[in-house]
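Read through the structure below, which is laid out as structure tokens, and then see the notes.
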Amino acid sequence: MVEPKSFAVLGAGSYGTALAIVLASNGHRVMLWARNSAQVESMQHERSNTRYLPDVEFPENLSVTNDISEAVKTSDVVLVAVPSHAFRSAIQAIKPHITTSHPIIWASKGLDPDTGDLLGNVLIEELGYDQPHAMLSGPSFAKEMARGMPTAISLASDQKELASELALDLHNERFRVYISSDVIGLQIGGAVKNVVAIGAGIADGLGFGSNARTALITRGLAEMKRLGVALGGKPETFNGMAGMGDLVLTCTDDQSRNRRFGLALGQGGDRQGAEEAIGQVVEGVRNAHEIHMLSERVGVEMPICEAIYKIIYEGADPKVAARELLTRDLKSES
């Protein structure tokens, strides 16, 4: 039996809320933080997140606040689940209220929007090397997690004991946590899969069929692995939950906002209309720009991700971009 702890979960979108529910269901005391006071008041009154997970009731040991200092000061562990573009500001906001006895887990998938840097590097830059930290990533739709449907995910830390301890805090019979030491690999997997999922959606929106989608997923995995290994990630990480697992899920299921965004573009829609129709952050849109910056900086060729970048940010025609990908020079698969 795991000793119950106090968790602060920062970010009351669908994913942060689902993780808060998992932790509370495991017996931990959880304080879920949201910036919007009206949203907090609604969740306190309704005892659910009516905007994102309306049919899932909060456990009794899950409370909600818009006071970030209260959430952090009363916690043993801080879990950050804000969108990646808000990650740095969230870390800066908690900095006055934490000590090095506060492990930080982040579940934000993406890179720093200004530099294309890894979020782990942002955390170290803001809090120093002594702050214990871990990353959570893998194939996990929020609605299924919150409803207690079977899910498997990866948790990575360069501190083996910390990884084991945090994995036990999250693990239960319906939420399986695999331990990894590859923090870099998990971060690259979580960012690149969002961009490739937009591509999969575009391909399906254009009516290209299952063969094209499968080819795109397979070659997208190759791009993910190339970039991850170039940055120091382990090749085997990309064959696991946070690589292939998350990529397949995000590219093939319409619960994926990135895939739905791509479908809209492939069917002739524009970026603004597609984002407005989805009504939540589409991480892959920003990730496409971030991956573009990062891959150029380290000199890694990523033709699929580059095509998605050109469609979103340079107005390239999806049909033309797809044709250019399909007519590239022949090469060895490996």
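The values are calculated or read from the model by the stated rules, or taken from the named source; none is laboratory data. Please read these numbers as outputs of a predicted model, since none were measured by experiment. Note: ideal-geometry Cβ built from the backbone for every residue, glycine included; neighbour counts use all protein chains shown. Ligands, DNA and RNA are excluded from the accessible area calculation, which covers all protein heavy atoms including side chains. Shrake-Rupley method; radii C 1.70, N 1.55, O 1.52, S 1.80 Å.
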Q) If we scan segment 190-200, do we find a residue that is under 17 Å from the mean Cα position of the chain (by Cα), open to solvent by 10 Å² or more (accessible area, probe 1.4 Å) and modelled with pLDDT of 95 or more? A) yes
Q: Determine whether segment 291-304 contains at least one residue that is assigned to a loop (DSSP other than H, G, I, E, B), aliphatic (A, V, I, L, M) and at pLDDT 95 or above.
A: yes
(Q) I need the strands (runs of 3 or more DSSP E) fully contained in segment 22-111, keeping only those with at least 1 residues that are without any contact (Cβ under 8 Å) to a residue 40 or more places away in the chain. (A) 29-33, 62-65, 104-106
Q: Within segment 117-144, work out how many residues are over 14 Å from the mean Cα position of the chain (by Cα) and either surrounded by fewer than 15 Cβ atoms within 10 Å (Cβ to Cβ) or assigned to a helix (DSSP H, G or I) (or both).
A: 12
Q) Given the conditions (1) of a type outside the set (Val, Ile, Thr); (2) touching a strand residue (DSSP E or B) at 6+ places or on another chain (Cβ under 7 Å); (3) over 18 Å from residue 228 (Cβ atoms), and given that residue 141 satisfies all but one, which numbered condition is not satisfied? A) (2)
Q: Go through 56, 78 for me and flag whichever is touching a helix residue (DSSP H, G or I) at 6+ places or on another chain (Cβ under 9 Å) and open to solvent by less than 10 Å² (accessible area, probe 1.4 Å).
A: 78
Q: Output yes when any residue across segment 9-23 is at pLDDT 95 or above and more than 30 Å from residue 285 (Cβ to Cβ), and no when none is.
A: no
Q | Subset tally (residues that are of a type in the set (Val, Ile, Thr) and within 16 Å of residue 6 (Cβ to Cβ)) for segment 50-93 | A | 8
Q. Given the conditions (1) closer than 18 Å to residue 201 by Cα; (2) open to solvent by less than 10 Å² (accessible area, probe 1.4 Å), which single one is not true for residue 242?
A. (1)
Q. Which numbered condition trips up residue 149, out of (1) closer than 16 Å to residue 77 by Cβ; (2) exposed (fewer than 15 other Cβ atoms within 10 Å of the Cβ)?
A. (1)
Q.
So the check is Cβ under 6 Å with 6+ separation or different chains; which pairs have a first residue in segment 177-206 that's more than 17 Å from residue 235 (Cβ to Cβ) and a second one that's assigned to a helix (DSSP H, G or I) and among the aromatic types (Phe, Trp, Tyr)?
A. 198/261
